[in-house]
């Protein structure tokens, strides 16, 4: 495990949920059972604040923390281009067994973008 991943796991950022009018989505990985709930508050089309809750492994907890930092300040178009490699890089890399954590984060962002367009 990378130092970045351990840091995000031991000191997770932005844990919790944001109140309405924040947009909140929940995604899960049926294979491993991890669940990620992501909340984002948008102001003038940009993510002003993001919070998360996760039930899952060390990698998913760390990746969720890193994800909130990655999306804060981005506009909706910027959210749309976020990919698994961005999440993996933010936590200093993931082993093959833990790559599902980055996929879970990207699924949450895709669900968030879809919810914003609805």
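Each value in this text was obtained by applying a stated rule to the coordinates, not by laboratory testing. These numbers were taken from a predicted model, which means no experiment stands behind them. Because the Cβ atoms are built from the backbone with ideal geometry, glycine has one as well, and the counts that use them run over all protein chains shown.
Any chance you could give the angle, 0 to 90 degrees and rounded to 10, that helix 99-117 forms with the longest Cα principal axis of the chain? Helix 99-117 and the main axis of the chain meet at about 0 degrees. Helix-only arithmetic for the chain: the sum of -39500 (n - 2.57) across DSSP H runs with n ≥ 4, divided by the residue total, places the mean residue ellipticity at 222 nm at -13500 deg cm²/dmol. What number, in percent, do you get for the relative contact order of the chain if the mean sequence gap of Cα pairs under 8 Å and at least 6 apart is divided by its residue count? Reported as a whole number, the value is 30 percent. Peptides 30-39, 48-57 ordered by packing proxy, namely the average of other Cβ atoms within 10 Å per residue, highest first: 48-57, 30-39. For 84, 89, the sequence from fewest to most other C-beta atoms within 10 Å is 89, 84. Inter-label distance, residue 72 to residue 53: 2.0 nm, where each label sits 7 Å from its Cα along the C-beta direction. Would you kindly calculate the translational diffusion coefficient of segment 3-117, applying Stokes-Einstein with the Kirkwood radius from alpha carbon pairs, for 4 °C and a viscosity of 1.567 mPa s, and quote it in µm² s⁻¹ without decimals? Diffusion coefficient, whole number: 95 µm²/s.
I'd like the orientation of helix 58-71 relative to the chain: the angle between its Cα long axis and the longest Cα principal axis, in ° from 0 to 90, rounded to 10. Rounded to the nearest ten degrees, it is 30.
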